[in-house]
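Q: Can you read through this structure? Questions will come right after.
Bear in mind that the values in this text are calculations on the coordinates, not laboratory data. Just so it is clear, the model here is predicted, and its values are computed rather than measured. Cβ placement follows ideal geometry from the backbone for every residue including glycine, while neighbour counts extend to all protein chains displayed.
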Amino acid sequence: MEQQTNQDTEQPVNELPSVQELESRILRLQADMDNMRRRHQREKEDLWEVVAGDFICQLLPTMDSFDRAVKVLPPGDWTQGMVMVHKQLQEFFSRLGLESVDCACTFDPQCHEAVAIDEDSASPENTITAELERGYKLRGRVLRPSKVRVSVGGKNNE
């Protein structure tokens, strides 16, 4: 007696997959597709953050110069326009998720870069006494640490 075969797959007819096996295979393939979509979306978001962070890092020196310029502008109509443009630029960065690093706290090496020490300060040790250059975070990730002067607790240790 000769066994019948499926001409497409050359498998014996009695060894064809059952409906449950086919349904199981379909469910696994659907789950794989869902996982691939989620992974692709996550990779796309990660890539956007890297590109946006690099772009913003390139603009930070310009923003610093704009901050310094706005602080010393003489009163006048044209200076109000400069202040308004500065505010628009800050709002744009804020919408992208950029925020400045908080310096009204103790020194944190993850967010601050100590470039000077303040031995004569009456502040407790590891307290930031001055911000020399503003630091920024993009969605919680530090793009540039704040450059700060830190107290070593000079007057309190004597």
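Q: Among G76, G53, G135, which one shows the highest mean-square fluctuation when the chain is modelled as a Gaussian network with alpha-carbon springs under 10 Å?
A: Maximum among the listed residues: G76.
Q: Among H86, L29, C105, which residue has its Cα furthest toward the positive end of the charge dipole of the chain, with +1 on Lys/Arg Cβ and -1 on Asp/Glu Cβ?
A: So the residue furthest toward the plus end is H86.
Q: To the nearest 10 degrees, how steeply does helix 77-96 sit against the main Cα axis of the chain, on a 0 to 90 scale?
A: For 77-96 against the chain, the angle is about 30 degrees.
Q: Okay, moving on. Would you mind checking the tilt of helix 19-71 against the longest principal axis of the Cα atoms of the chain, expressed as 0 to 90 degrees and rounded to 10?
A: Orientation of helix 19-71: about 20 degrees from the principal axis.
Q: If I build a Gaussian network model for the chain, linking alpha-carbon pairs within less than 10 angstrom, which residue out of Q88, Q20, Q80 has the largest mean-square fluctuation?
A: Most flexible of the set in this elastic network: Q20.
Q: What percentage of all Cα-Cα pairs in the stretch 51-118 are separated by more than 20 Å?
A: 46
Q: Please report, in debye to the nearest 20, how large the charge dipole of the chain is about its Cα centre when each Lys and Arg carries +1 at its beta carbon and each Asp and Glu carries -1 there.
A: 680
Q: Subtracting the Cα-Cα distance from 0.36 nm times the residue separation, let me have the gained length for E15 to D102 in nm, one decimal.
A: 24.5 nm
Q: I've got another one for you. With each label point set 7 Å from Cα along the Cα-Cβ vector, what nm distance links V50 and V85?
A: Going by the 7 Å Cα→Cβ label model, 3.4 nm.
Q: Pick from L22, L98, L138: which is most flexible by mean-square fluctuation in a GNM of the chain where alpha carbon atoms under 10 Å apart are linked?
A: Result: L22 has the largest fluctuation of those listed.
Q: So, one more: Could you list, in their original order, any pairs among K44/K147; K44/K137; K44/K71 whose Cα atoms are separated by more than 28 Å?
A: Over 28 Å Cα-Cα: K44/K147; K44/K71.
Q: Write down the percent of antiparallel bridges among all DSSP beta bridges whose residues are both part of the chain, to the nearest 5.
A: 65
Q: Take S65 and F92, extend 7 Å from each Cα along the Cα→Cβ direction, and tell me the distance between the two endpoints in nm.
A: Computed distance between label sites S65 and F92 equals 1.5 nm.
Q: Taking the Cα centre of the stretch 16-96 as origin, sum charge times position over the Cβ atoms of Lys and Arg (+1) and Asp and Glu (-1), and report the length of that vector in debye to the nearest 20.
A: 60
Q: State the Kirkwood hydrodynamic radius of the chain in Å, one decimal place, computed from all pairs of distinct Cα atoms.
A: 21.3
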